[in-house]
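Working notes for the structure below.
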Amino acid sequence: MRSPLLEVENLGRQFVARRSAFGRPTATVTAVDAVSFSLDAGTTLALVGESGCGKTTLGRLLLRLIDPTAGRIYFDGRDVTTLRESELKSLRRNAQLVFQDPYASLNPRMTIGQILAEPLGLHEVVPRSHRAERVRELLRLVGLEPRAARLYPHEFSGGQRQRIAIARALAVKPKLIVCDEPVSALDVSIRAQVLNLLRDLQQRFGLAYIFISHDLAVVRHVADRVAVMHLGRIVEIGKREAIFGNPRHPYTRALLSAIPVPAPGAKRERIVLRGEMPSALHPPDGCAFHTRCPVAVARCRIERPELAGVIHATACHRADELPPAADIVPRHEGGSQILEQLMNAFRRRPDGQDGAGVDTLEKTAEKTAENPQ
Ligand code: SF4
């Protein structure tokens with residue numbers, strides 16, 4: 001049996017929140033707490049949850065952009081948890097990051113050609129004499145014209161800048177890309193194009209994605225597996241069909257019930273969570289969700305539930321008692337339908353058939369060539 005590309009065990013990260021006058025830590029915040037999961041090559045794991053739940057910190061821990069304070073990270077079978085900066089070059093090449101805001105992540109003083117050539121030089125992926133050709137190839141891969149290499153980031157739209165950011169991540173031929181809210185800042189039609197591009201690139205190169213998002217309609221279309229995070233911990237993890245078809249954790253149910261239903265006549269009871277997410281500085285005892293959980297019982301205030309289950313795991317004392325969630329998650333939820341239609345529209349080949357891979361990329365290249373702004 002093939003081992004996973006990425007495996008994390010009890011990963012944790014604490015930050016110092018306050019120090020004494022002498023610089024000694026007096027309060028800490030646990031941003032990521034005892035997180036364990038694995039990710040196979042060529043698959044997508046989505047990390048979802050409200051703002052501040054620790055998903056972005058977890059993404060950066062996986063890339064060793066910040067150091068964990070507990071647990072282990074194995075990449076391609078190798079323990080990379082404690083590698084020193086000088087030893088991290090191989091991980092940095094094989095695991096890349098795409099940010100939410102492509103404009104902030106692209107140096108405005110560099111041309112797109114220079115931006116794409118930079119990692120090639122850094123990691124010596126191709127000889128200097130072949131770099132210009134590799135830059136052209138990367139631009140083609142993300143549906144941009146080769147002449148884009150001479151332009152600057154401000155000369156592109158948001159969607160095109162995100163394509164450039166994806167091309168830069170691809171430059172070093174990674175095995176894993178951590179996508180941190182990669183389409184949140186884009187219009188819905190552009191969103192579908194970028195999601196299709198990510199899917200095509202995954203199929204073509206066998207990429208694995210960690211897809212960080214608060215948008216469950218998007219996650220439904222990209223994820224193979226979904227991990228729901230709350231206050232630094234994974235509270236539910238499983239295959240996409242299980243999470244959307246039968247969510248077992250009350251927090252997951254509340255998140256899913258908030259997906260809009262614009263379909264005429266469609267009815268669904270929204271689970272409204274009362275109150276704010278508890279402070280990570282002073283997390284509640286027992287289950288950290290008990291202060292907002294609509295079905296909490298006395299035990300929940302005392303005893304913290306552990307993640308239980310193998311394929312579909314849930315951290316809730318009452319997961320086995322709750323009724324099925326068919327009424328909470330409708331079969332037709334509008335935001336998702338609209339996105340699906342857009343994604344299919346952008347995947348249609350000139351001959352009228354639905355297509356994927358190179359055909360889609362070339363079609364996109366034609367479109368963007370007509371309108372490079
Ligand atoms: Fe709600 Fe209790 Fe389950 Fe926590 S353990 S999610 S408080 S029922």
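General remarks:
- Hits in the stretch 291-303 (condition: more than 6 Å from the ligand (Cβ to nearest atom) and under 14 Å from Leu273 (Cα atoms)): Thr291, Arg292, Pro294
- Of everything in the stretch 279-290 that is free of Cβ contacts under 8 Å to residues at least 24 places away in the same chain and open to solvent by less than 80 Å² (accessible area, probe 1.4 Å), the residue that is nearest to the ligand (Cβ to nearest atom) is His290.
- Scanning the stretch 313-327 for residues that are away from the ligand (no atom under 13 Å from the Cβ), surrounded by 15 or more Cβ atoms within 10 Å (Cβ to Cβ) and modelled with pLDDT under 90 yields a single hit, Ala325.
- Identity of the residue in the stretch 125-170, open to solvent by 50 Å² or more (accessible area, probe 1.4 Å) and not in a helix (DSSP H, G or I), that ends up farthest from Tyr103 (Cα to Cα): Pro127
- Counting only residues that are of a type in the set (A, V, I, L, M, F, W, C) and within 14 Å of the ligand (Cβ to nearest atom), the stretch 233-262 holds 4 of them.
- Wholly within the stretch 180-261, strands (runs of 3 or more DSSP E) carrying at least 2 residues that are open to solvent by less than 10 Å² (accessible area, probe 1.4 Å) and within 20 Å of Arg168 (Cβ to Cβ): 208-213
The values are calculated or read from the model by the stated rules, or taken from the named source; none is laboratory data. Since this is a predicted model, take the numbers as computed values, not measurements. Because the Cβ atoms are built from the backbone with ideal geometry, glycine has one as well, and the counts that use them run over all protein chains shown. When the accessible area is computed, the model is the full protein with side chains, heavy atoms only, and any ligands, DNA or RNA have been set aside. Shrake-Rupley method; radii C 1.70, N 1.55, O 1.52, S 1.80 Å.
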